[in-house]
Amino acid sequence: MIRTQPIGRKPASDDPRVLRSRGLLQDAILELGLEGPVDGIAISDITGRAGVSRSTFYDHYTDKETLLADAIERHALHAGISLREGGFGDGLPDQPPQFLIGYVQHIADHAQLYRNVLGAHGSAAVHARLARRIATILADGIALLGEHAPATAAVPIEVDAAALAGAVLAVLTHWLERLPDTPPAVVAAWIWEILTRE
């Protein structure tokens, strides 16, 4: 089987120098993303903040959007939050699972960064990657929870999951921009209600 890299991403490496350079670039774009809208961040802003050359940037990334998407993912992983794995089987039907509560809490803890990344002047690449991650988890969750029978469902599970992933991101964005004082547990409950509504 031939393995290919996603478009816009350079091949991965375990070389400590590579990891250090990527870490500097990711830290830099997260700091800049915390300070203001990400659509105004230039490559020179990132390299200046990271203390590396422009050529070093292009040794690791082809564009700032892929860098930001990697940085957001690493940021969540360092907080112990993974969107690679769901946990729908861990909770009760009328309560959101722990991984969802934890993820919403993580976003609350870094609200300004996520507001800048997911808002109108944010990153389409981050939004798309999060949507794909969430949709993958939801597709597994839909099958696990038995909400749809794949042989008879009018809407394929992956289409249903993609639609619900969009709804999850819409709730998170609306919360960050319009209802920031709402506790994360309440937001997680809203999302769970949407996901489990028949």
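Table for the structure above
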item: Scope the range 101-121; condition within 15 Å of the chain's Cα centre (by Cα) and not in a helix (DSSP H, G or I); matching residues; result: His110, Gly119
item: Subset of the range 144-161 that is open to solvent by 60 Å² or more (accessible area, probe 1.4 Å) and in a helix (DSSP H, G or I) - its residue that is modelled with the lowest pLDDT; result: Leu145
item: Of all residues in the range 9-63 being among the hydroxyl-bearing types (Ser, Thr, Tyr) and touching a residue at least 40 places away in the same chain (Cβ under 8 Å), the one that is surrounded by the fewest Cβ atoms within 10 Å (Cβ to Cβ); result: Thr62
item: Ala167 being of a type in the set (A, V, I, L, M, F, W, C), at pLDDT 95 or above and touching a Pro at 6+ places or on another chain (Cβ under 8 Å); result: no
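Let's see how each residue does on (1) open to solvent by 20 Å² or more (accessible area, probe 1.4 Å); (2) more than 14 Å from the chain's Cα centre (by Cα); (3) modelled with pLDDT under 95:
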| residue | (1), (2), (3) |
| --- | --- |
| Arg84 | yes, no, yes |
| Gly91 | yes, yes, yes |
| Phe99 | yes, no, yes |
| Ser123 | no, no, yes |
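The values are calculated or read from the model by the stated rules, or taken from the named source; none is laboratory data. Because the structure is predicted, anything quoted here is derived from the model rather than measured. So basically every Cβ, Gly included, is an ideal-geometry build from the backbone, and we count neighbours across all protein chains shown. Just so you know, the surface numbers come from the protein's heavy atoms only, side chains and all, with ligands and any DNA or RNA stripped out. Shrake-Rupley method; radii C 1.70, N 1.55, O 1.52, S 1.80 Å.
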